[in-house]
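**Q** Structure in structure tokens, see below.
Since every read-out is calculated from the coordinates, none of them should be taken as a lab result. Model, not experiment: these values are computed from the prediction. Reconstructed Cβ throughout: ideal geometry from the backbone, glycine too, with neighbour counts over all protein chains shown.
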Amino acid sequence: MSILTVLEFPDKRLRTKAKKVTVFDKKISTLVDDMFETMYDFKGVGLAATQINVHQRVIVIDVSEEKNAPLCLINPEIIETQGTEESEEGCLSVPGFFEMVTRAQKVKIKALDKHGESFELEADELLSVCIQHEVDHLEGKLFVDYISAFKRNRIKAKLDKIHKLEAKKR
Ligand code: GNR
Ligand code: NI
């Protein structure tokens with residue numbers, strides 16, 4: 001198992017559209033395990049493969065308090081939505097920033113598990129938000145795309161500054 005590097009906004013690679021998984025082999029199983037380890041290490045509630053620079057449609061999620069409810073979604077599709085709701089979002093790829101985002105209140109999804117078996121799931125509250133946030137990552141979309149250009153540019157400037165300082169230290 002390994003903890004992987006998480007790409008940070010405004011890295012262009014976060015804008016890549018991920019491709020569907022077609023083969024369910026040891027490589028996918030290792031990718032899923034490494035993504036869970038990375039997500040738990042970073043104390044996130046979800047992680048999309050895009051964030052670790054792997055452009056395949058793979059998501060891991062665990063919104064439980066005890067961190068004992070791992071959920072893996074491969075090739076997820078949102079097949080139904082209900083209502084809208086606003087909530088505060090953060091992202092491991094936009095560290096330290098939190099903004100209100102409006103999303104569907106409930107979602108019904110269809111996905112494959114890590115063995116390639118199809119299943120459906122209905123979600124509300126944090127799980128619903130998290131699924132929509134992660135599916136966006138697979139499309140190259142970030143939560144900062146939903147806020148004003150003014151706020152987004154301010155976040156970009158602050159992260160650019162941090163990334164420059166980090167590069168200098170090395
Ligand atoms: O850890 C995370 N918390 C979170 C909080 C509110 C809405 C979405 C999220 S997802 C985020 C982890 C992450 O960046 N996943 O892509
Ligand atoms: Ni994110």
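**Q** Could you check the range 68-108 and list, in sequence order, the residues that are surrounded by 13 or more Cβ atoms within 10 Å (Cβ to Cβ), more than 12 Å from ligand 1 (Cβ to nearest atom) and assigned to a loop (DSSP other than H, G, I, E, B)?
**A** Pro70
**Q** If Tyr40 satisfies every condition in (1) over 19 Å from Ile131 (Cα atoms); (2) of a type in the set (Phe, Trp, Tyr); (3) under 15 Å from the mean Cα position of the chain (by Cα) but one, which is the exception?
**A** Answer for Tyr40: the failing condition is (1).
**Q** Now, a different point. Which one of these is within 13 Å of ligand 1 (Cβ to nearest atom) and touching a residue at least 60 places away in the same chain (Cβ under 8 Å): Val135, Val60?
**A** Val135
**Q** Now a separate question. Just checking, how many residues over the range 132-170 are within 30 Å of Lys106 (Cβ to Cβ) and in a helix (DSSP H, G or I)?
**A** Residues that pass the stated criteria total 15.
**Q** Filter the range 14-57 down to residues that are away from ligand 1 (no atom under 12 Å from the Cβ), not polar (S, T, N, Q) and not in a helix (DSSP H, G or I), then give me how many there are.
**A** 11
**Q** Follow-up question, since we're still on this one. Out of the residues in the range 109-131 that are away from ligand 1 (no atom under 13 Å from the Cβ) and outside any strand (DSSP E or B), which is farthest from Phe9 (Cα to Cα)?
**A** The extreme case among them is Glu117.
**Q** Of the residues in the range 11-35, how many are touching an Asp or Glu at 6+ places or on another chain (Cβ under 9 Å) and either buried (at least 19 other Cβ atoms within 10 Å of the Cβ) or among the aliphatic types (A, V, I, L, M) (or both)?
**A** Number of matching residues: 2.
**Q** Please verify whether Glu65 is at negative phi and touching a residue at least 12 places away in the same chain (Cβ under 8 Å), treating the condition exactly as stated.
**A** no
**Q** How many residues are surrounded by fewer than 16 Cβ atoms within 10 Å (Cβ to Cβ) and within 16 Å of ligand 2 (Cβ to nearest atom) if we restrict to the range 109-127?
**A** Residues that pass the stated criteria total 1.
**Q** May I ask you to list pairs of residues, at least six apart or on different chains, whose Cβ atoms are under 7 Å apart, with the first in the range 38-54 being more than 15 Å from Arg15 (Cβ to Cβ) and in contact (Cβ under 8 Å) with a residue 60 or more places away in the chain and the second being more than 10 Å from ligand 2 (Cβ to nearest atom) and aromatic (Phe, Trp, Tyr)?
**A** As it stands, the answer is none, since no pair meets every condition given.
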